[in-house]
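Notes follow once the structure below has been shown.
Here, each number is a calculation from the coordinates, and none is a lab measurement. Remember, it's a predicted structure, so these values are computed and weren't measured experimentally. Don't worry about glycine lacking a Cβ; one is built from the backbone with ideal geometry, like all the others, and counts go over all protein chains shown.
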Amino acid sequence: MSGRNWTELFFLDEAVAMAAGHRPCAYCRRENYNAFTDAWGGKMKAPQMDAVLHAARAVHGARRLQTHKADAHGLPDGTFIKTDKPLLLQRDAAVPYTPTGYGAPKPRPTGLVTVLTSPPMISVLRGGYTPHLHPTAG
C-alpha cells in the first residue's frame, strides 16, 4: 500500500467493493463519487464517510465483516447476502458470486437473510446509487 493517500484494493465490481465497505474514489472516479455522495445525503466529506463505513464493516479485533439480518424483500438491488455462497440481489433474482464472475440467477430469497452489505451502504443504494456490475451479472 502506498500510505494514507490511496487504498490499492481491486474488486470484481462496485457491488462487491460496496459490500466490503468501500466507496468510489473521489480522485479517479469523481463522477461516481459525486453520485455516491449525493445518495449518501451530500453532507459528509470522504474522511467522515470512511469513518462511518469502517465502523459499519469491520468486526473490531477480527479480520471479518460485520453482518446483520433483514427481510430480503426490503433490500435494494446491489445488496449482498450470505448463504452457502454470497449472492447479489437484483430485481427478482439472486446472482451467485465468485471471484471471477457471477453464476446463473436464482430466485430472490424471501424472509430473513444474513446481509453482508452494511447499513450505511444499503442507505446509499436506497438513496439511488446504482453500482457498476461485472458483465456476468446479467
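Structure summary
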| quantity | calculated |
| --- | --- |
| Residues that are of a type in the set (A, V, I, L, M) and more than 18 Å from Arg57 (Cα to Cα), drawn from region 68-103 | Ala72, Leu89, Ala93, Ala94, Val95 |
| Count - residues of region 115-138 that are among the polar types (S, T, N, Q) and farther than 16 Å from Tyr33 by Cα | 3 |
| Tally of residues being part of a helix (DSSP H, G or I), touching a residue at least 60 places away in the same chain (Cβ under 8 Å) and not aromatic (Phe, Trp, Tyr) across region 25-48 | 4 |
